[in-house]
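Shown next, in structure tokens, is the structure this report addresses.
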Amino acid sequence: MKLKKLAQLIALMGAVAPAAMPLVAQAQTDTSMQRVEITGSSIKRIAKEGALPVEIISRKQIEDQGIVTAEQLIATLNINGNGSDNLASNADVTSGAQRGNNGASSANLRGQGSDSTLVLLNGRRVATHGMKGSAVDLNSIPMAAVERVEVLKDGASAVYGTDAIGGVINFILRKNYKGLEAQAFTDVAEASGGEIGRASLTGGWGDLDTQGWNVLATLSHSENKALRGNQRDFVNTFQPNRGVSVDTRGTPSGNIFATTLAPTLLSRTGTGPTLPGSSVAYNGISLLDLPGGAGCDSIDGMGAYDEKLWDTPGAAYGCAWDTGRAAVLQQPVKNTNALGRATFRIGEHELFAEGVASRVEVSKRFSPNQISPTASTFNARSFYPSTGAAYNDVYNALVKTFPGISANYGLPIAYRWRCMECGNREITTETKASRVLVGADGPLTLFGNRYDYRVGLSRASSESESLLGTGYNYTAALGDVLGSGIVNPFLLPGQTQSQVAIDAIRATSAAGVVMYGGKTTLTQFDAALSGEIFKLPAGAVMMALGTDLRREEYKFNGDLRAVSARPAILNAPFDDVNALPKVSRDIKAVYAEVLVPVTQALELTFAIRRDDYTGFGATTNPKVSFRYQPIPQLMFRGSYNEGFRAPSFNQLFNGVTESQYVGKDLADPATCPSGRVDTAIAGCQAVNPVILTGGKNTLGPETAKQASLGVVFEPAGGFSANADLWEIRKENTIDSFNAVTMIANYSLFQDQFRRDAAGNLTEIDQRWLNAGERITRGLEVGARMTGKFSTGSIWGIGIDGSRLLEKKSRATRNAEFGESEIGRFLYTGDLGLKWKHSAYVTYKYGNWSGMLQNIFRSGYTDQVLPGVASGRIKPSEYNSKVDDYSIFHLTANYTGFKNLTLTAGIKNILDEDPPFAITYDSNTGAGSSWEPRVADPRGRSFTMMATYKFF
């Protein structure tokens, strides 16, 4: 009977339980009829009375899955999008909006973006990540102290204000815990690399009910070890037969280039040599790939540059290097969290003080720097001199194929070289976050009526700092070393650098320099009052009134070195142009919510909130929802609401950054209407304009209109099903469109393309602007069933899925909506996967319980590289469809030992690799031949958790 009531409770709440929510685990949940405040409403009510789709995930369900971090938990949610929000998708060189994400991992509900997903801790805001100031870093959440997680799958700006367009995630901490508990967890991959571990200690003293006080303290430390790309076979960008290869000629054995910086051995004019009888000018030539050479693949990580795939005939004698193998697929993370909370009960009132603090260190490691013959980095004095020991070997190899260069003997050699001796680039980011909160809640009698009040005052901050580690060198000093000739950039198989050369390179290291840092501070006072205001024949009319007063502050610094002492550091992504002194804004908000029981079966809820921001003014957002239950077995629910997202400080105040586009896939749309590179068509050659990014202080808020309609059905005890149809329509979206999108919509963005006096494309302005509109529509469904065997054992089965029905956008309001983004590769942002589900089977008998879980993500249509797109090459095994991703997990629990609970599991039982995907982008390189926004690169792993209660 208890299980039946519990199933009804969950179904009526609309808790669309994923595999993380087997009903047998929920049998331990407190089912008292106490009025509580459920995420998404300020009115206290009995939990099962709620009309909004709220997914509740208990502590036990989290532990049963071997989950110890908030990032891991969010990745399992079907409602979470597949965006560039996790650490794996920011593992290599990043650009544009992804810059500054070092060390941050965010939630992205319904694919609306991390800055449109509100993250709460015990129902109140925490500071956004100090580096960018636009979204909460999940690494700062003290998961060891979390009692449950509530996920509101609906817009909530009418209650919470900004950021709550995609939904709300509320991490609820333990309360009134008594005892002392130690927990240890380990997760070890069967293949090498990527180990995960956590140790925590939790103590609670006092009993609120009998003693009137309780003190809770937790301390935890978790660590994710690095997983490198060369530790997994599926990371291999040299697969031209499948349509992917690498567009980088910065290789451990350098490619020789012609350049206009100065006359060189390869060319006096900057135009590469030709073969006798041919007009093709060759550039980027490797000794390994010349006739009679050892072959590009004779050196680990290298392969032949695929000039056909990239539609670059002049690169036929070049080698490339797989940057994906050098990237770290799982970034190393060290996370220490602490929590202290004291609660006192005086009569019916509770007063509390709470402090939360975290220290997170993330080390982003990726490919070694490449040395290129460009004016912005190295000048001609860094070229390899004729006095170098390898000079004659290079000359003799080149002149055999290109006899025309014989007259250039004695000129220096310009080259592109991967400085393996410099080491992998590393950026270490340390983030310290904290929140101090004091508050009270309880009953209050006004005008003869009893109400519930809640009041709180908090101050939260997040401060981040990124330091350069290995792999970064002072440009001028390194250039002098290279120009001396002691370093040989043209090593052949079996050759190594001299110790003198290695020592000279290391002496130019810039490790320890602060690249940039930022800090956000949030000061908040909130108060709310709720209760019955009068009665109708169908029941009491409930009301809530509240206020929310906040000050948000942000500052960002770039290079901390004195302006007069800032020697350039090669390819270090400093962001000095975006340095901001402390900026702030005040938010004053009032809101109201009213619940009206129209009949015994129908209730309506109305909410409205007005926010007044210094900077861009006020915004008012309403919400109306209904709950209709004509019979006990059937409930309908729905809502309409409006929401908004205030622009971040970066979007408002960032300076202008200029970055050269280095890809080979852009053509000037003014001379090439298709915008696709095709050397066979005049005007369709590749262009490399400067990309401008940055902020605009004239930005207004994004606005949203959204609606949902759902049904929950429970025809018999032990079975329930639900379905919710939803739509979000965002307008005035704050966008920074990538160059590909702007070229495809050239008529809309023509003013953003800047040209020189001759009409040549020189710049593309990609700065933030309030531009267009996005429509996202989906269906969330679920079903679950529980039962008993004659032996007394309990079983459960369930499935919850998310079907994306529409995802499209338009760049401006005057433009037509683009093609559907469902099931189609996008470079950045959210991948619109058509179907995602989590399914489970559970079994419990005596001291044993177990769960078999399936996580499924549907495939999509892949991107196409230039040579395939133009039809100049047809890979023999090319398939535009990325396969589905489906993995299974198994866990078992045993509670037969006194005070000890053991949980063991196998993740990815079948050891499924991520499906092959062409995610290599010549401008960033993240992903290589798999999609980090969808798949887990670790493979099969084994987990063990031990929890011991001392008292």
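The values are calculated or read from the model by the stated rules, or taken from the named source; none is laboratory data. Remember, it's a predicted structure, so these values are computed and weren't measured experimentally. Here Cβ is always computed from backbone atoms with ideal geometry, including for glycine, and neighbour counts include all displayed protein chains.
Values as computed for the structure displayed
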quantity	calculated
Given (1) more than 35 Å from the chain's Cα centre (by Cα); (2) crowded, with 23+ Cβ neighbours inside 10 Å; (3) not in a loop (DSSP other than H, G, I, E, B), index of the condition Y317 fails	(3)
Filter result (crowded, with 19+ Cβ neighbours inside 10 Å and either aliphatic (A, V, I, L, M) or touching a Cys at 6+ places or on another chain (Cβ under 7 Å) (or both)) within region 708-743	V712, I728, I734, A739, M742, I743
Any strands (runs of 3 or more DSSP E) falling wholly within region 679-770 and containing at least 2 residues that are under 30 Å from G801 (Cα atoms)	702-713, 719-731
D480 vs. criteria assigned by TED's automatic domain parsing to the domain that holds V596 and of a type in the set (D, E)	no
Number of the condition not met by K535 [criteria: (1) at pLDDT below 95; (2) among the charged types (D, E, K, R); (3) farther than 30 Å from Q629 by Cα]	(3)
The listed residue being surrounded by 15 or more Cβ atoms within 10 Å (Cβ to Cβ) and of a type outside the set (S, T, N, Q), out of A682, A607	A607
Selected residue (criterion: farthest from T429 (Cα to Cα)) from residues of region 560-587 that are modelled with pLDDT under 90 and of a type in the set (D, E)	D576
Residue within region 771-784 that is under 26 Å from V677 (Cα atoms) and either in the same structural domain as K881 (by TED's automatic domain parsing) or touching an Asp or Glu at 6+ places or on another chain (Cβ under 9 Å) (or both) present	no
Some residue of region 429-446 being at pLDDT below 95, crowded, with 20+ Cβ neighbours inside 10 Å and farther than 19 Å from V360 by Cβ	no
Qualifying residue in region 349-361 (condition: of a type in the set (G, A, S) and part of a loop (DSSP other than H, G, I, E, B))	no
Unique residue being under 30 Å from F447 (Cα atoms) and acidic (D, E) when the list is D548, D559	D548
Single match in V119, V159, V149, V126 (criterion: without any contact (Cβ under 8 Å) to a residue 60 or more places away in the chain and surrounded by 24 or more Cβ atoms within 10 Å (Cβ to Cβ))	V119
Residue match in region 446-454 (condition: out of contact with any helix residue (DSSP H, G or I) (no Cβ under 6 Å at 6 or more places or on another chain), basic (K, R) and assigned by TED's automatic domain parsing to the domain that holds A528)	yes
Those residues of region 719-777 which are of a type in the set (S, T, Y), out of contact with any strand residue (DSSP E or B) (no Cβ under 8 Å at 6 or more places or on another chain) and in contact (Cβ under 8 Å) with a residue 12 or more places away in the chain, in sequence order	T741
Odd one out for Y661, checked against (1) among the aromatic types (F, W, Y); (2) within 30 Å of R249 (Cα to Cα); (3) buried (at least 22 other Cβ atoms within 10 Å of the Cβ)	(3)
Residues of region 675-696 satisfying the condition of being without any contact (Cβ under 8 Å) to a residue 60 or more places away in the chain and of a type in the set (V, I, T)	I681
All positions within region 217-234 that are hydrophobic (A, V, I, L, M, F, W, C) and crowded, with 23+ Cβ neighbours inside 10 Å	L227
Search result, residues across region 549-589 that are small (G, A, S), loosely packed, with under 15 Cβ neighbours inside 10 Å and within 30 Å of G161 (Cβ to Cβ)	S584
Leading residue by the ranking (nearest to A70 (Cα to Cα)) among those in region 182-207 that are in contact with a strand residue (DSSP E or B) (Cβ under 6 Å, 6 or more places away or on another chain) and exposed (fewer than 15 other Cβ atoms within 10 Å of the Cβ)	A184
Of residues in region 771-780 being in a strand (DSSP E or B) and at pLDDT below 95, the one surrounded by the fewest Cβ atoms within 10 Å (Cβ to Cβ)	E773
So S849, is it in contact with a strand residue (DSSP E or B) (Cβ under 9 Å, 6 or more places away or on another chain) and either surrounded by fewer than 17 Cβ atoms within 10 Å (Cβ to Cβ) or part of a loop (DSSP other than H, G, I, E, B) (or both)	no
Strands (runs of 3 or more DSSP E) completely within region 208-304 that count 2 or more residues being touching a residue at least 40 places away in the same chain (Cβ under 8 Å), assigned by TED's automatic domain parsing to the domain that holds F916 and at negative phi	213-224
Residues of region 263-279 satisfying the condition of being loosely packed, with under 14 Cβ neighbours inside 10 Å and of a type outside the set (S, T, N, Q)	P276, G277
Residue count for region 362-373, restricted to those that are part of a strand (DSSP E or B) and either modelled with pLDDT of 90 or more or among the small types (G, A, S) (or both)	4
The one condition in (1) on the phi > 0 side of the Ramachandran plot; (2) surrounded by fewer than 17 Cβ atoms within 10 Å (Cβ to Cβ) that D311 fails to fulfil	(2)
Positions within region 136-187 being within 24 Å of A527 (Cα to Cα) and among the small types (G, A, S), in sequence order	G155, A156, S157, A158, G161, A164, G167
Residue list for region 279-321, filter: more than 25 Å from T679 (Cβ to Cβ) and out of contact with any helix residue (DSSP H, G or I) (no Cβ under 8 Å at 6 or more places or on another chain)	D297, D300
Residues within region 917-951 that are modelled with pLDDT under 90 and in a strand (DSSP E or B), tallied	0
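The rows are residues; the columns are (1) in a loop (DSSP other than H, G, I, E, B); (2) without any contact (Cβ under 8 Å) to a residue 60 or more places away in the chain.
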{"position": "Q863", "(1), (2)": "yes, yes"}
{"position": "V868", "(1), (2)": "no, no"}
{"position": "G871", "(1), (2)": "yes, yes"}
{"position": "E877", "(1), (2)": "yes, no"}
{"position": "H889", "(1), (2)": "no, no"}
{"position": "T895", "(1), (2)": "no, yes"}
{"position": "T901", "(1), (2)": "no, yes"}
